[in-house]
């Protein structure tokens with residue numbers, strides 16, 4: 001997943017496909033960083049899929065109270081969304097640290113020997 005990091009406003013956000021290399025907040029140049037998706041992100045989507053599957057259970061089997069499965073599905077979808085948001089924020093922090101390392105390695109060292 002590609003993130004953009006703006007050094008002037010110190011923000012990292014997900015890069016859209018057709019977005020230019022300028023910050024959406026301050027219009028300064030941004031660094032593009034490629035970050036691997038983490039396990040919490042995938043876990044959140046798995047929990048949301050389980051929630052969608054639990055809503056379909058009463059349709060395929062005979063259950064005494066189908067509303068319980070609807071409530072379980074809604075709760076799992078909400079919990080999955082929270083996990084995806086946690087994973088996304090963790091990836092944004094990773095993008096900030098990787099971009100800072102990238103910027104630090106590109107800047108030339110200045111010798112102030114007088």
| query | What about residue 57, is it surrounded by 15 or more Cβ atoms within 10 Å (Cβ to Cβ), free of Cβ contacts under 8 Å to residues at least 60 places away in the same chain and closer than 30 Å to residue 2 by Cα? | reply | no
| The one condition in (1) part of a helix (DSSP H, G or I); (2) more than 11 Å from the chain's Cα centre (by Cα) that residue 63 fails to fulfil | (1)
| Quick one: is residue 102 assigned to a helix (DSSP H, G or I), within 13 Å of the chain's Cα centre (by Cα) and either within 18 Å of residue 4 (Cβ to Cβ) or free of Cβ contacts under 8 Å to residues at least 12 places away in the same chain (or both)? | no
| message | Among the residues that make up segment 70-83, is at least one of them closer than 30 Å to residue 8 by Cα, at pLDDT 95 or above and surrounded by 17 or more Cβ atoms within 10 Å (Cβ to Cβ)? | response | yes
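The values are calculated or read from the model by the stated rules, or taken from the named source; none is laboratory data. As the structure is a prediction and not an experimental result, all values here were calculated from the model. Reconstructed Cβ throughout: ideal geometry from the backbone, glycine too, with neighbour counts over all protein chains shown.
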